[in-house]
Amino acid sequence: AEKFFAEVRRHHRWLAVACFYSDSFPRSLRVLSLATHIIVMLFVQSITYNLTDPNDGSCATYRTQKECLEPQSAFGTGDQKCSWSGSGCEFVEPVTNFTVVLFVAIFSAVVSTPIALLQNLLI
């Protein structure tokens with residue numbers, strides 16, 4: 001158990017900042033690396049959430065029910081982007097479901113990991 005906790009203190013991204021000392025990678029650089037990684041991840045997530053189902057105004061341009069119900073969600077969840085109200089086409093505010101959250105989290109991790117590894121080489 002002691003060896004396990006020693007390894008966690010040495011290699012855990014969050015705990016190593018406070019619990020491990022290294023001459024080759026001082027605490028200030030570990031804090032900078034961790035903060036940069038978090039900022040990159042949040043930036044990628046903010047871009048991805050913006051792209052999920054933006055209201056680009058295209059629903060208001062559709063004149064028939066068929067045209068209105070054609071556009072689908074960007075995530076392939078089967079949800080429609082617009083709804084027909086009888087008098088016109090309206091944008092459907094997307095509901096936050098687990099599939100979208102999971103997609104954004106995985107996509108953000110995949111995109112931000114190479115950037116974080118590159119910045120670790122630079123630091």
Return the residues of the stretch 72-123 that are modelled with pLDDT of 85 or more, more than 17 Å from ASN50 (Cβ to Cβ) and surrounded by 12 or more Cβ atoms within 10 Å (Cβ to Cβ); say none if nothing qualifies.
CYS82, SER83, TRP84, GLY88, CYS89, GLU90, ALA109, THR113, ILE115
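Residue-by-condition table, conditions (1) touching a Leu at 6+ places or on another chain (Cβ under 9 Å); (2) more than 23 Å from ALA105 (Cα to Cα); (3) without any contact (Cβ under 8 Å) to a residue 24 or more places away in the chain:
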{"site": "ALA1", "(1), (2), (3)": "no, yes, yes"}
{"site": "VAL8", "(1), (2), (3)": "yes, yes, yes"}
{"site": "ASP23", "(1), (2), (3)": "no, yes, yes"}
{"site": "SER28", "(1), (2), (3)": "no, yes, yes"}
{"site": "SER33", "(1), (2), (3)": "no, no, no"}
{"site": "THR36", "(1), (2), (3)": "no, no, no"}
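The values are calculated or read from the model by the stated rules, or taken from the named source; none is laboratory data. These numbers come from a predicted model, not from an experiment. Positions of Cβ are backbone-derived with ideal geometry, glycine not excepted, and every protein chain shown enters the neighbour counts.
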